[in-house]
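The values are calculated or read from the model by the stated rules, or taken from the named source; none is laboratory data. Just so you know, these numbers come straight off a predicted model, no measurement behind them. Cβ coordinates were reconstructed from backbone atoms using ideal geometry, including for glycine residues, and neighbour counts include every protein chain displayed.
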Ligand SMILES: Cc1cc2nc3c(=O)[nH]c(=O)nc-3n(C[C@H](O)[C@H](O)[C@H](O)COP(=O)(O)OP(=O)(O)OC[C@H]3O[C@@H](n4cnc5c(N)ncnc54)[C@H](O)[C@@H]3O)c2cc1C
């Protein structure tokens with residue numbers, strides 16, 4: 001067995017019951033709930049950034065919605081939103097609504113998913129174009145290139161919040177309960193108890209310690225990797241197939257005269273999803289701003305090259321702008337004044353989070369672009385898994401079977417309502 005002298009004679013302050021690596025929204029939420037459920041535990045939350053939520057959490061559009069066809073997504077998001085509503089003023093929660101527009105073809109394809117929404121019928125409506133908010137300056141017609149707007153889902157329990165404030169909220173609650181946070185610690189080495197034995201069974205092999213850029217070593221009984229898009233980079237070298245892959249996503253903010261989008265900018269405007277290309281618009285029209293994003297799948301690699309990645313001007317010009325200007329024909333003049341990109345951490349098969357454990361190593365990732373809106377539930381579930389529970393109760397009282405999000409015993413229905 002390979003042991004390091006620092007492991008045997010390690011400094012006492014470097015030894016913890018649980019170490020959580022990654023202080024984004026998932027790490028902070030998990031840390032808080034674990035400390036709350038298990039107050040005597042000595043828990044350390046570590047991040048390589050100098051700030052809480054300095055990774056992809058701060059790069060997100062921070063939109064939330066309860067409109068999902070997958071039962072798992074519905075439960076994770078609805079219960080999380082319920083919690084966020086209780087701290088709305090602290091996290092800048094704005095209940096704007098979501099107007100999700102469909103072409104006729106996509107509407108037909110989405111029927112199966114729409115049926116699954118029936119349980120939540122009080123939280124959404126189906127609108128025909130005639131019933132849309134009159135304020136929107138939309139073109140409803142088709143052209144050779146773009147389909148007409150056929151129908152829309154109008155979600156009531158949808159909006160935006162400050163993802164950074166939410167992560168800071170959890171971090172503060174965690175610290176108030178006695179949890180410790182260490183920033184600017186870039187974990188570069190994971191040391192297993194038996195480095196020579198690379199074959200199954202795993203029994204007996206544990207993660208003993210992790211080491212940062214200063215060669216400081218941290219020991220714990222349990223290690224949680226809430227490292228989002230970096231999870232595979234950290235765990236693959238020690239023989240764990242986390243099944244999590246990074247994919248770049250980009251956001252653009254446009255400064256404009258808001259009357260190109262709505263006739264009265266003082267009225268509240270919902271978040272908009274246009275019926276083509278998954279282009280979505282977050283309106284901040286009182287300030288003359290819209291934020292625009294778009295999903296790009298094929299040709300966009302599951303790979304993280306550099307971080308932070310650059311947002312591409314051409315992607316906006318060729319993929320987003322034509323769609324935006326088609327559905328908002330008055331949109332002629334605007335300034336693209338900022339753009340940025342980050343990475344989704346994908347669990348490709350069903351695009352729901354993964355909470356899995358091998359030996360004393362647990363990873364919680366695969367949030368697949370909806371980690372902010374599901375983080376409260378994910379934190380409660382991952383904390384309960386550390387404690388070896390089978391089920392846990394979410395904010396709204398739903399009992400959730402923890403292994404449903406594991407890889408080995410996964411029970412998640414695939415999402416049918418995809419942007
Ligand atoms: C452009 C874009 C738009 C998005 N829009 C939305 C949206 O509208 N709504 C929504 O719900 N979600 C959205 N998301 C997804 C959301 O951002 C993620 O689901 C969420 O932030 C994941 O949180 P996390 O804590 O897992 O990851 P992160 O916030 O990335 O946290 C992981 C942390 O691990 C740390 N770390 C990694 N490696 C190491 C190491 N070796 N040592 C120490 N620390 C390490 C990183 O520094 C980082 O802080 C969007 C994402 C992007 C990129």
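Name the single residue, out of those in segment 36-75 being crowded, with 24+ Cβ neighbours inside 10 Å and part of a helix (DSSP H, G or I), that is farthest from the ligand (Cβ to nearest atom).
Filtering segment 36-75 for residues that are crowded, with 24+ Cβ neighbours inside 10 Å and part of a helix (DSSP H, G or I), the one farthest from the ligand (Cβ to nearest atom) comes out as 73.
Quick one: residue 111 ticks every box in (1) in contact with a helix residue (DSSP H, G or I) (Cβ under 6 Å, 6 or more places away or on another chain); (2) closer than 22 Å to residue 277 by Cα except a single one, so which number is it?
Of (1) in contact with a helix residue (DSSP H, G or I) (Cβ under 6 Å, 6 or more places away or on another chain); (2) closer than 22 Å to residue 277 by Cα, only one is false for residue 111: (1).
It is to be established whether one or more residues within segment 264-273 are in contact with a helix residue (DSSP H, G or I) (Cβ under 6 Å, 6 or more places away or on another chain) and under 30 Å from residue 95 (Cβ atoms).
Checked segment 264-273: at least one residue is in contact with a helix residue (DSSP H, G or I) (Cβ under 6 Å, 6 or more places away or on another chain) and under 30 Å from residue 95 (Cβ atoms).
What are the residues in segment 168-185 that are part of a loop (DSSP other than H, G, I, E, B), touching a strand residue (DSSP E or B) at 6+ places or on another chain (Cβ under 9 Å) and within 14 Å of residue 46 (Cα to Cα), if any?
Within segment 168-185, 179, 183, 185 meet the criteria.
Collect the residues in segment 265-302 that are at pLDDT below 90, loosely packed, with under 15 Cβ neighbours inside 10 Å and away from the ligand (no atom under 14 Å from the Cβ), keeping them in residue-number order.
297, 298, 299, 301
Any residue in segment 240-255 that is in the same structural domain as residue 353 (by TED's automatic domain parsing) and within 24 Å of residue 350 (Cβ to Cβ) sitting within a Cβ distance under 7 Å of a residue that is in a strand (DSSP E or B) and away from the ligand (no atom under 12 Å from the Cβ)? List the pairs, counting only those 6 or more apart or interchain.
Short answer, once both residue conditions are applied: 240/358; 240/361.
May I ask you to list the residues in segment 336-361 that are touching a residue at least 60 places away in the same chain (Cβ under 8 Å), away from the ligand (no atom under 11 Å from the Cβ) and over 18 Å from the mean Cα position of the chain (by Cα)?
Once the filter is applied, which keeps residues that are touching a residue at least 60 places away in the same chain (Cβ under 8 Å), away from the ligand (no atom under 11 Å from the Cβ) and over 18 Å from the mean Cα position of the chain (by Cα), segment 336-361 yields 336, 337, 338, 358, 359, 360, 361.
Quick check on segment 134-150: of everything there that is closer than 18 Å to residue 281 by Cβ and out of contact with any helix residue (DSSP H, G or I) (no Cβ under 8 Å at 6 or more places or on another chain), which residue is surrounded by the most Cβ atoms within 10 Å (Cβ to Cβ)?
So, considering only residues that are closer than 18 Å to residue 281 by Cβ and out of contact with any helix residue (DSSP H, G or I) (no Cβ under 8 Å at 6 or more places or on another chain), the one surrounded by the most Cβ atoms within 10 Å (Cβ to Cβ) is 136.
If residue 97 meets every condition in (1) on the phi > 0 side of the Ramachandran plot; (2) more than 14 Å from the ligand (Cβ to nearest atom); (3) touching a strand residue (DSSP E or B) at 6+ places or on another chain (Cβ under 6 Å) apart from one, which number is that one?
(3)
Here is a list of conditions, (1) in contact (Cβ under 8 Å) with a residue 60 or more places away in the chain; (2) on the phi < 0 side of the Ramachandran plot; (3) not assigned by TED's automatic domain parsing to the domain that holds residue 324, and residue 92 meets all of them except one; can you say which number that is?
(2)
Scan segment 76-94 for residues that are more than 13 Å from the ligand (Cβ to nearest atom) and in a loop (DSSP other than H, G, I, E, B) and report the count.
Total meeting the criteria: 5.
Can you find even one residue in segment 311-333 that is within 11 Å of the ligand (Cβ to nearest atom) and assigned to a loop (DSSP other than H, G, I, E, B)?
yes
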